[in-house]
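All remarks here apply to the structure that follows.
The values are calculated or read from the model by the stated rules, or taken from the named source; none is laboratory data. Note that this is a predicted model, so its numbers are computed, not measured. Every residue, glycine as well, gets a Cβ built from its backbone with ideal geometry; the counts of neighbours run over all protein chains shown.
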Amino acid sequence: MFTHSLGVRGRRAKVQCEERRFEHVDRVLPCLATYLIVAWRTLYVCRLGRALPDMSCEAIFEPAEWKSLHRVVRREPHPPRPPSLSEAVRMVAELGGYVSRKRDDMPGPQTVWLGLQRLHDITLCWKLFGPEARAEVKLV
């Protein structure tokens, strides 16, 4: 069921590429490749979070990613040690609209996908303006 839903989303991505109405096939293929990479990363995060929930989240996320994620979602300074992978996946999914109640089921690929999009933007801001930002970065 889980892999099937991602396959359906992959086919929808193919349809979205076709709806963009590129003039040549060589323009469609990079679009489709990008969609497949995003789908692979989403599935990888979901599956690894379920299979190895106690692993450190640094296996998937860079330090800037998990630190900014913890700061935004939990609204408190990040801990000295990275959270577990299942906790990080739940926080990513919360960015995507997942309501984290006291239950055992892990978030699905759609909320993780939406959360990863937001995490990318949050991490970029963290790198530019956060506590570890270098003073030499200037915006024009």
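Considering only segment 43-94, state which residues are of a type in the set (D, E, K, R) and either in contact (Cβ under 8 Å) with a residue 60 or more places away in the chain or not in a loop (DSSP other than H, G, I, E, B) (or both). Talk me through it step by step, then tell me what you get.
Step one: filter segment 43-94 for residues of a type in the set (D, E, K, R), giving 47, 50, 54, 58, 62, 65, 67, 71, 74-76, 81, 87, 90, 94.
If the condition is that a residue be of a type in the set (D, E, K, R) and either in contact (Cβ under 8 Å) with a residue 60 or more places away in the chain or not in a loop (DSSP other than H, G, I, E, B) (or both), then Arg47, Arg50, Glu58, Glu62, Glu65, Lys67, Arg71, Arg74, Glu87, Arg90, Glu94 are the ones that fit.
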Of the candidates Ser68, Ser56, the one satisfying the condition of being of a type in the set (S, T, N, Q) and in contact with a strand residue (DSSP E or B) (Cβ under 9 Å, 6 or more places away or on another chain) is Ser56
Test Gly7 against the stated conditions and say whether it is at pLDDT below 90 and assigned to a helix (DSSP H, G or I). yes
Kindly establish whether Ser84 is over 26 Å from Leu128 (Cβ atoms), at pLDDT 95 or above and either over 12 Å from the mean Cα position of the chain (by Cα) or surrounded by fewer than 16 Cβ atoms within 10 Å (Cβ to Cβ) (or both). yes
Residues that are more than 14 Å from the chain's Cα centre (by Cα), at pLDDT below 95, loosely packed, with under 15 Cβ neighbours inside 10 Å and among the hydrophobic types (A, V, I, L, M, F, W, C): does segment 92-113 have at least one? yes
Which condition number does Gln117 fail, the rest of (1) at pLDDT 90 or above; (2) not in a helix (DSSP H, G or I) being met? (2)
Does Trp66 satisfy the criteria of being among the aromatic types (Phe, Trp, Tyr) and over 21 Å from Arg41 (Cα atoms)? no
